[in-house]
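Structure, as structure tokens:
Bear in mind these aren't lab numbers, they're just calculated from the coordinates by the rules spelled out. Everything numeric here is computed off the predicted structure, so don't read it as measured data. Virtual Cβ from ideal backbone geometry, glycine too; neighbours counted across all protein chains shown.
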Amino acid sequence: MFAGAAREAVFSNPTVIRRLNAEFIPVSVSAARMHTPPQDIEGRLLQAAGRVAPAPQGIAVLNSDGQPLAWTLMFDSDSAVLDFLDYAKRRFREYGDRSRPFESERFQRFPSMREPDAAYTGGLRAPASHPQGEACPGRPQHPKGTLRVQVIGRALDDRGQPGADTLHQSQYVQDQFEIPVPMQRLIAAALSGAEFGPIRVPDGFARMLVFHAFLGQIDVRPLENPNGGHSKIAVYEFWAQRTSGKDGKSVLRLDGTSHLVTDAAPQGEMQHFRHSVKLTWEGFLELDGNRITRLILSGEGTERLTWNAPQPPTGTLSEVAFLPAGRSINFDGKVRYGLIGKPTGSD
Amino acid sequence: MRSAVFALSTVVGFFAFGQSSRAEQEAPATPESLTAKIETLRPKQLVWREIGWNRCLLDGLKQSREQKKPVLLWAFINADPQGERC
């Protein structure tokens, strides 16, 4: 939830955007790289920075050697975010290089909830780049031919048009997934009979198609809920029929339906939520031999989502003050999803 | 009489238009028409994509040294918030 809430409440503030682009070097990384055995110098730098972090994830200011000058997880208010940027620049002016010793200043919530300072023990010097021939782990490479599928989902208004809110994931989502070449071969083989009449799409592929089609943050995912939510209904079915093609290429029409219902009662850090997504799908799958060359799929229907975030701290109104908890959601309306898949290297 | 004919033609025209609109709506989808429909979901501007996040720390530190600016590091669990659900 932290990342989504930070994106919505902190990094969508126009002043923050302008200042980050002008006065800072914004870098985003997966926190997993701070907490797993490092594979390279970048991983070692991240692990050293993560050792002094007050939480597994957060927002830090680093000097040019990668040493954390400060960490925070939340902010007291919207104005405290801007104060943090001023504070970060002051810290950088004082300790921008390793000429003066310093300790990392750490906050659960800036500036009111401070934790003890922590000594940085990295002692590393950052090279200018990764060794020649090695890709940055932060920029994953996909083997040629991998189908990259972009998912877009949006709440519809009363007239059936896409709603205006594209900031909150309760109204607009985008996501992506990949279909590796070996899996494409299996899918193509399974659908080889589609030229003789409609055949059912393999369950594993159908599951991939509906897996990302939902509003809200990762925590409310209907299938394989990451927080252990119970799947009450998980019904999805797609059929494929060849419509055209020649010389080994073919176009299959896809039709399907899906109905997913998941809920979870409060348990530990898990918040209460209930999620229902019911969609009717149509689309096309283009094959060239045993490779998927294009996937186009549109799903439309209804969705209900309630997510009860914990009450914010007394006297606090801003979402930036409780980022890990996120904001409550109560959505009940029409939705449309679109999936567009293209092989890597085809853009 | 003339007004009755006009009214009748208006009613006939209205229903004819309605049938045409329905026919257009029910026309079988093509890959192109479906792609266009999906593209209407894509916003022209996404405010949270306006920050130029660098995914490579080494590259960011190099820029920090060259431009004498601090690095603002956003470390997140799960998916990449720049392009994925998070």
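Observations, loosely collected:
- Panel order for A:Val320, A:Val52, by other beta carbons found within 10 Å of each beta carbon, from fewest to most: A:Val52, A:Val320.
- Global geometry of region A:1-102, whether rounded, prolate or oblate, following the gyration tensor of its Cα atoms and the 1.5 cut on a/c: oblate
- Cα centroid separation, region B:43-86 to region A:165-198: 28 Å.
- When cysteine pairs in the protein assembly as shown are screened for C-beta atoms closer than 4.7 angstrom, the residues that find no partner are B:Cys86.
- Taking label positions 7 Å along the Cα-Cβ direction at both B:Ala27 and A:Met113, the computed distance is 5.7 nm, reported to one decimal.
- Folded to 0 to 90 degrees: helix A:181-190 orientation relative to chain A principal axis, Cα: 20 degrees
- Within the same chain, lysines fewer than 8 places from A:Lys278 are excluded, and of the rest, those with a Cα less than 25 Å from its Cα are A:Lys232, A:Lys334, B:Lys37.
- Across chain A, C-alpha contacts under 8 Å between residues 6 or more apart give a mean separation that, scaled by the residue count, equals a relative contact order of 17 percent.
- Pairwise label distance in nanometres, A:Arg125 with B:Leu46, each label 7 Å out on the Cα-Cβ vector: 4.0 nm
- A:Phe196 versus A:Glu300: modelled label distance in nm, points set 7 Å from Cα along the beta carbon direction: 3.5 nm
- The calculated FRET efficiency for A:Asp288 paired with A:Val235, based on their beta-carbon distance and R0 = 22 Å, is about 0.10.
- For region A:124-192, alpha-carbon Rg over 2.2 N^0.38 Å: 1.78
- The alpha-carbon of A:Lys246 sits under 17 angstrom from the alpha-carbons of these aspartates and glutamates, leaving out residues fewer than 8 places away in its chain: A:Glu195, A:Glu286, A:Asp288.
- Exposed GluC sites (Glu not before Pro) absent - longest run of chain A, DSSP non-H/G/I/E/B, at most 14 other C-beta within 10 Å: A:1-133
- Residue order, fewest to most beta carbons within 10 Å, for A:Arg253, A:Arg7: A:Arg253, A:Arg7
- Counting every alpha-carbon pair across chain A, the share separated by more than 34 Å comes to 39%.
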